[in-house]
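A short write-up of the structure that comes next.
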Amino acid sequence: MQVQIRNILNEIRYYNKPLRTAVYYISMPYFAVKNAAYNLSMKKRMKNPAESRYKDLLGFKGRHKGKRCFIIATGPSLKLADVEMLRNEYSISMNSITKFFPDTNWRPTYYCIQDKSVYVKLSDEIETYYKGADNVFVADVISDKIQVPDNFHEFSLNGIYNRNGYRVNKWFANFSEDCCATVYDGYSVTFSAIQLAVYMGFTEIYLLGTDCNYTKGGKNHFAEYSKTQNYHDIETAYDRNITMYETAKRYAGEHGIKIYNATRGGKLEVFPRKSLEDILGKSSK
């Protein structure tokens, strides 16, 4: 009931432009203070990373320097056969990819999650499949509220710096130079996975399952799992995602990193496209 009431109020706020604008300006000082406080703690972590609660991430820095990896999102185009082609490849996946696990012994090299509501929905299977594992990245916005296994590696998700813009569709994203200090929210866990991939040294990144084709009431993931959508999330999802991908593209271009889109179809055209079969040198037949 509380969630329904909150969603109704959010809908009213979103579709009432004067109200949205007023809330945006009224909230500016609050978010400015929160952002300044976050930046101060981030600088402390950069100065003394070994003393940070996120120090586990230091062990992943540059681990895969010069290698290639596949970042596997959970768009509706993703098929079980696609991931099974990646058994010998480095990969990072997320969220409901666990829905594939009962039907295959393939597992992503790394698993990443940052949405608390998604974690709540999938916690049983995540904690079962990754019991004792050393390859799970979980955002502190989850671990601050929910007890997660000790073997999971926390990262500090900065969801403050661009959050207020949400009220007026003012989308922007930063790209982290140091994931031990911060991972910038880019409206999707896929953006965090790209930052972590770069932090680990991957210089050739292929995106799979990044359809960027969102429809209200339609299928937006290969496996739906009853995640409650926040107000106007679906309507603005494409614009938000394109913003984050353009940010990733700029950073990659400035640092000699190549990013390609290997998704089957979809609307993401920010990156050059390559077919999964061509990448892996396999026939599609």
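Among the residues of the stretch 17-33, is any more than 30 Å from GLU224 (Cβ to Cβ) and either assigned to a strand (DSSP E or B) or basic (Lys, Arg) (or both)?
yes
Restricting attention to the stretch 142-200, which residues are among the aliphatic types (A, V, I, L, M) and under 16 Å from SER41 (Cα atoms)?
LEU157, ILE160, ALA181, VAL183 - these are the residues of the stretch 142-200 that are among the aliphatic types (A, V, I, L, M) and under 16 Å from SER41 (Cα atoms).
A quick yes/no check of all residues on (1) part of a helix (DSSP H, G or I); (2) surrounded by 15 or more Cβ atoms within 10 Å (Cβ to Cβ); (3) aromatic (Phe, Trp, Tyr); (4) more than 19 Å from the chain's Cα centre (by Cα):
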site: SER93; (1), (2), (3), (4): no, yes, no, no
site: ILE97; (1), (2), (3), (4): yes, yes, no, no
site: PHE100; (1), (2), (3), (4): yes, yes, yes, no
site: ARG107; (1), (2), (3), (4): no, yes, no, no
site: VAL118; (1), (2), (3), (4): yes, yes, no, no
site: LYS121; (1), (2), (3), (4): yes, yes, no, no
site: ASP124; (1), (2), (3), (4): yes, no, no, yes
site: GLY132; (1), (2), (3), (4): no, no, no, yes
site: TYR161; (1), (2), (3), (4): no, yes, yes, no
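Could you look through the stretch 64-80, keep only residues that are over 20 Å from the mean Cα position of the chain (by Cα) and not small (Gly, Ala, Ser), and pick out the one that is farthest from SER275 (Cα to Cα)?
Once the filter is applied, the top-ranked residue is LYS65.
I'm checking my understanding of the structure. Among residues of the stretch 256-284 that are of a type in the set (Lys, Arg) and without any contact (Cβ under 8 Å) to a residue 60 or more places away in the chain, which one is nearest to LEU78 (Cα to Cα)?
Among residues in the stretch 256-284 that are of a type in the set (Lys, Arg) and without any contact (Cβ under 8 Å) to a residue 60 or more places away in the chain, the one nearest to LEU78 (Cα to Cα) is LYS267.
Taking PHE172, is it of a type in the set (Phe, Trp, Tyr), surrounded by fewer than 18 Cβ atoms within 10 Å (Cβ to Cβ) and in contact (Cβ under 8 Å) with a residue 40 or more places away in the chain?
Yes.
Which one of GLY62, GLY75 is part of a loop (DSSP other than H, G, I, E, B) and modelled with pLDDT under 95?
The unique qualifying residue is GLY75.
So, in the stretch 197-218, exactly how many residues are farther than 24 Å from ASP239 by Cβ, in contact with a strand residue (DSSP E or B) (Cβ under 6 Å, 6 or more places away or on another chain) and outside any loop (DSSP other than H, G, I, E, B)?
Total meeting the criteria: 1.
Pairs, please: C-beta under 9 Å, at least 6 apart or cross-chain, first residue acidic (Asp, Glu) and in the stretch 233-251, second assigned to a helix (DSSP H, G or I)?
Close Cβ pairs satisfying both conditions: ASP233/ARG240; GLU235/TYR14.
State yes or no: is ASP140 at pLDDT 95 or above and farther than 19 Å from THR190 by Cβ?
No, not satisfied.
Just for the stretch 175-188: of the residues that are assigned to a loop (DSSP other than H, G, I, E, B) and either among the hydrophobic types (A, V, I, L, M, F, W, C) or without any contact (Cβ under 8 Å) to a residue 12 or more places away in the chain (or both), which one is surrounded by the fewest Cβ atoms within 10 Å (Cβ to Cβ)?
That would be GLU177.
Among ASP134, ASP144, ASP124, which is without any contact (Cβ under 8 Å) to a residue 12 or more places away in the chain, among the charged types (D, E, K, R) and over 20 Å from ALA37 (Cα atoms)?
ASP124
The values are calculated or read from the model by the stated rules, or taken from the named source; none is laboratory data. Bear in mind that the values here come from a model prediction, so they are computed numbers and not experimental data. Positions of Cβ are generated from backbone atoms using ideal geometry, with glycine treated the same way; all protein chains shown enter the neighbour counts.
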